[in-house]
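One structure is given below, encoded as structure tokens.
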Amino acid sequence: MESESGDDLSFMLDWYSQAGTPELCLKSEYRAEESTLILRFSQHHHPSPGQEVKKDLVVPVRVALLDDQGSIMDFVPEGGASQTLECTLPVSCDRTEFVLKGVSKRPVVSALRGFSAPVRHRFEQSSKDLALLLAHDSDPYCRWRAGQELASSFITAAVRAGRDTVAEEEVAVVARAWDTLIDQAPDLDCDLLALLLQLPDYDSLANDIEPLDPELLFLVRESMADGVARLLERRFADLYAAVFTSGPYRFSPLLAGRRRLAWLCLDYLLRVGSYQEEVWQRFIKADNMTDELAGLRAIFHHSLEGAEDAGARFRERWRGDLLLEDKLFAVQVTVPVPETIETVAGIIASAVFKSANPNRLRAVLGSFAAGNPLAFHRVDGRGYKLLADQLLAIDRKNPQTASRLFAPFSRWRQYEPGRAEMMRDSIRALQRNSLSPDLSEMVEKTLHDQA
């Protein structure tokens, strides 16, 4: 790149010499009397082993401006002589403030267009601005980021306030933006639309909350999903009808996107108590694994009548295929109710639980601990004890797998005091045993880091 452009790009080597991902913050100030927009950036770098102090990097930030109708505005970038619709700002320790001129009215900033830099970002933008970006921005990444931040802001605010539901008016803000997206469905890639119509996942939300009550976070996120499903029930039904593909299976990116979007619509429709028979029929008649697994998951996770029959049907159809048997177990152990721990215990006690098979261990214990916050983080601590007991047994045969399955314990300090104490007790119970070097290292590091 240097030889072709003639530019000195040695500063980019800093990206490879520092561990971790930088966090980029942005604040904007519009000055109407001068028709200028000031963008102020700051970088934050979390310390890592051997690198307590880090320097700011050169971060290329691709920027555009939108008006209040979602149309791209032209402007004159700092140092430029002519108007443009986009520009790349080289944010660094030496340059943190940029002045854009010729901005005729207050804009909405679309930053990191095209994911121009691999950073975490915290941009000060109102819910109104985020909703506009989600509904109208022409950049797919910025639309997705805006939608994730919009829903995340409402969900995390409710959790921090101790509420178990998102306010109705906040659900309505998200629903209106999604309604606009569905209007654009004929012009959008189905894969992209499916991404834009998804709420932030549990793990992404959990990263921003401390101390974390996992049950409360789960309930709040579910309230948001249930709320938009109620408000947009007719729209999801129409969208499903538009993208549903019948006929024999054949692979193409277009059809794969349509299947993904169709199952997302069905997930929302099941939340309002409709389309159960449609889900069953799609599962029974499935001629591809996408439809069969999606149907199986929907039947179990929405507690449809006959779920155990669906599991038996899947097991019989794929008898002898261990990988697909693992898929079934992963679905069963992630059913989002506290009682699922009994399902996990039953699988462990059965002859099909092969403790010498790493794939089986990951499908059952890994999926349970990482993918079922209601059951793993039960208030009685049974989920923690079950995992700790199994890790001790696995460590004697497969230390590497045991150390990897230990990961859900590693963030015990993030949780609210009651659960944090129970997790620490389970870790200490492991510590009192003779452990392999692999698992012992994880246990010691987890107990003593930041202690």
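The values are calculated or read from the model by the stated rules, or taken from the named source; none is laboratory data. Keep in mind the model is a prediction, meaning the values are calculated, not measured. Every residue, glycine among them, receives a Cβ derived from its backbone with ideal geometry; neighbour counts consider all protein chains shown.
In summary, strands (runs of 3 or more DSSP E) completely within segment 17-124 and bearing 2 or more residues that are under 24 Å from the mean Cα position of the chain (by Cα) occur at 23-31, 36-44, 59-66, 108-111, 120-123. Within segment 203-224, the set of residues being surrounded by fewer than 18 Cβ atoms within 10 Å (Cβ to Cβ) and in contact with a Phe, Trp or Tyr (Cβ under 9 Å, 6 or more places away or on another chain) comprises GLU210, PRO211. Within segment 358-402, the set of residues being in a helix (DSSP H, G or I), under 25 Å from LEU322 (Cα atoms) and charged (D, E, K, R) comprises ARG360, ARG362, ASP389, ASP395. Against the conditions (1) closer than 30 Å to PRO60 by Cβ; (2) within 17 Å of the chain's Cα centre (by Cα), PHE154 satisfies every one except (1).
Suppose we filter PRO186, PRO214 for residues that are at pLDDT below 95 and farther than 30 Å from TRP15 by Cβ; which single one remains?
Working: PRO214 fails: at pLDDT below 95.
Exactly one residue qualifies, and that residue is PRO186.
What about GLU4, is it more than 33 Å from the chain's Cα centre (by Cα) and surrounded by fewer than 13 Cβ atoms within 10 Å (Cβ to Cβ)? Against the criterion (more than 33 Å from the chain's Cα centre (by Cα) and surrounded by fewer than 13 Cβ atoms within 10 Å (Cβ to Cβ)), GLU4 qualifies. Of all the numbered requirements in (1) closer than 19 Å to SER440 by Cα; (2) under 24 Å from the mean Cα position of the chain (by Cα); (3) of a type in the set (Lys, Arg), ARG378 misses one, and that requirement is (1). When every residue of segment 232-246 is checked against the conditions, none turns out to be farther than 22 Å from ARG282 by Cα, touching a residue at least 24 places away in the same chain (Cβ under 8 Å) and assigned to a helix (DSSP H, G or I).
Checked against the criterion of being at pLDDT below 95, over 20 Å from LEU217 (Cα atoms) and of a type in the set (Asp, Glu), segment 385-393 contains not a single residue that satisfies it. Within segment 71-81, identify whether any single residue is touching a helix residue (DSSP H, G or I) at 6+ places or on another chain (Cβ under 9 Å) and either of a type in the set (D, E, K, R) or within 30 Å of ILE182 (Cβ to Cβ) (or both), and answer yes or no. Yes, segment 71-81 has at least one match.
What about ASP226, is it free of Cβ contacts under 8 Å to residues at least 60 places away in the same chain, on the phi < 0 side of the Ramachandran plot and either outside any helix (DSSP H, G or I) or assigned by TED's automatic domain parsing to the domain that holds GLU421 (or both)? No. Restricting to segment 430-444, give me the number of residues that are surrounded by fewer than 15 Cβ atoms within 10 Å (Cβ to Cβ) and either touching a residue at least 24 places away in the same chain (Cβ under 8 Å) or in the same structural domain as HIS46 (by TED's automatic domain parsing) (or both). The total comes to 3.
Go through segment 116-156 and report how many residues are of a type outside the set (S, T, N, Q), assigned by TED's automatic domain parsing to the domain that holds GLY20 and in contact with a Pro (Cβ under 8 Å, 6 or more places away or on another chain). Residues meeting the conditions: 3. Check whether at least one residue in segment 61-82 is under 18 Å from GLU124 (Cβ atoms) and among the aromatic types (Phe, Trp, Tyr), and report yes or no. No, because not a single residue in segment 61-82 is under 18 Å from GLU124 (Cβ atoms) and among the aromatic types (Phe, Trp, Tyr). Scanning segment 84-122 for residues that are in contact with a helix residue (DSSP H, G or I) (Cβ under 6 Å, 6 or more places away or on another chain), of a type in the set (A, V, I, L, M, F, W, C) and buried (at least 20 other Cβ atoms within 10 Å of the Cβ) yields one hit, VAL108.
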